[in-house]
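One structure is given below, encoded as structure tokens.
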Amino acid sequence: MRFSVERDVLADATGWAARYVPKPTAGAQQVLTGLLLEATMPTPDQDQAGDQAQARGRAPGPALTVSAFDSEVAARAPVEAVVTEPGRVVVPGRLLADVVRNLPDAPVVVEATETRVIIECGAARFRIPALAVEDYPVLPAFPPPVGEVDTLGFAAAVAQVAPAAGRDDALPVLTAVRLEIARGGLTMVATDRYRLAVRTIPWQPTVDDPDAVAHVPARLLADVAKLPTTASRVMLGMGVDEAGVPRFGLSVNGRQTIVRLLEGSFPNYRRLLPETSELTVTAPTAVLAAAVRRVALVATRTAPLRFTFSAGQVVAEAGDGGGAQASELVPVEYDGPELSVLFNPAFLLDGLAAVEGDEAIIGFATADPEIASSKPAVLTGKDDGEDYRYLLMPIRTGTA
């Protein structure tokens, strides 16, 4: 195998794919710690297009593919390169990404056999042992496309919802973001049983009957959504592969991420969301968040903060008589009865960070202070409407 490619182009592709390379562990397949490089020769039609591209000073097209696979997640990145000899090789992934990233600013020439890879760039030359390409598993195909969504809107929605997902692998389905796709919108849901985040965004189905549900690992979805891209749309794919494994796919600028879906019964979250709020508090989001962070400094790691709402204000308090104490008053819009409730400060901060706009609304389903203090509160942004809701369970006094 032999090809030439621009340094920045190859560095970007290998750096992206290496994010999905598993770390070497005892008992793991060593070949999966590598990146699969596949170089193909263009067809006659591609040759003509390539000649035109080269005449304009560009590489002829994505004749190189860089792939990673850890048995749960597959990633593919097409790369524009000039291939003079096709072939396949597996190179230690993190090492390859590090090497390419640090090459001088010059064209890169890669030549490989079954046992070694030679990388030349300017005066730099690297010789890296190859991994057994015959042991590399067949990557799953991208599942059938079901629709497209705006890139920025998708990333923002994932950032709002993913923090509410669980971290306990003993309940795998709760470590997922639930995606509900329907013609009327794409809904994302996550919960760890102590809080629940729901966001609905518009999207464009590409199939006649798009209704489906997928439980996508939250950490992966959040990681993909954070990656910078110039693409305006994200393609979504969903289906079952040839082995009967349910898969979900994201394609951005030709780069594909394919993940095995999590299985299990997701909680019936809709019954938890109150239809109306009898008590509402409107607070300046940034001011309240800053106060919570300050007061939480004196709280132990698992201790809640007490929030006392009264006319025109909320007081956040932490600590007890035997140690450090803190309190801070924040002006708010509230004219209901005095209400005292305990919240996990980290969970509340996650919700405040997710709302849109300068003001956050905290709603309580009942006007009875005693009942409201033990029932979930719903946090939204003044600009969110019904598109985003963050339900937060209070901490009962008897368990505080």
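Read the figures in this text as sums done on the coordinates, not as results from a lab. Predicted model only: the values in this text are computed from it and were never measured. Here the Cβ is made from the backbone with ideal geometry for all residues, glycine too, and neighbour counts use every protein chain on show.
For Ser310 and Arg125, what is the calculated FRET efficiency with R₀ set at 51 Å and r taken between the beta-carbons, to the nearest 0.05?
Working from the Cβ atoms, E equals 0.10.
From the Cα gyration tensor of segment 107-245, with a ≥ b ≥ c the square roots of its eigenvalues, which class applies: rounded if a/c is under 1.5, or else prolate if a/b is larger than b/c, or else oblate?
Prolate is the answer for segment 107-245, as a/c is 1.5 or above and a/b outweighs b/c.
When ranked by the protection proxy of mean other Cβ atoms within 10 Å per residue, highest first, what sequence do the peptides 76-82, 337-343 form?
Ranked from most to least packed, the peptides come out as 76-82, 337-343.
So between Asp320 and Thr115, what do we pick up on full extension, going 0.36 nm a residue minus the alpha carbon distance?
Computed gain between Asp320 and Thr115 is 67.2 nm.
With each run of n ≥ 4 DSSP H residues scored as -39500 (n - 2.57), what mean residue ellipticity at 222 nm is computed for the chain after dividing by its residue count and rounding to the nearest 500 deg cm²/dmol?
-6000 deg cm²/dmol
Would you kindly state how much longer the chain becomes between Gln30 and Arg233 on full extension, computed as 0.36 nm times their sequence separation minus their alpha carbon distance, in nm to one decimal?
So the chain would gain 69.6 nm between Gln30 and Arg233.
Would you please give the FRET efficiency between Asp368 and Arg219, computed as 1/(1 + (r/R0)^6) with r the Cβ-Cβ distance and R0 = 41 Å, to the nearest 0.05?
That pair, Asp368 with Arg219, gives E of 0.55.
Test of understanding: what is the full-extension gain from Asp358 to Arg293, defined as 0.36 nm times their sequence separation minus their Cα-Cα distance?
21.7 nm is the gain from fully extending Asp358 to Arg293.
Treat each spin label as a single point 7 Å out from the Cα along the C-beta direction, and report the Leu329 to Val245 distance in nm.
That separation, rounded to one decimal, is 6.0 nm.
Expressed as a whole number of Å, what is the distance separating the alpha-carbon centroids of segment 286-347 and segment 108-146?
Cα centroid to Cα centroid, the span is 55 Å.
Using 7 Å Cα-to-Cβ label points, what is the Ala170/Ala182 separation (nm, one decimal)?
3.4 nm
For segment 311-400, which trypsin sites (Lys or Arg not before Pro) are both in a DSSP coil and crowded by at most 15 other Cβ atoms within 10 Å?
Of the trypsin sites (Lys or Arg not before Pro), the ones in loops of segment 311-400 whose Cβ has at most 15 other Cβ atoms within 10 Å are Lys382, Arg396.
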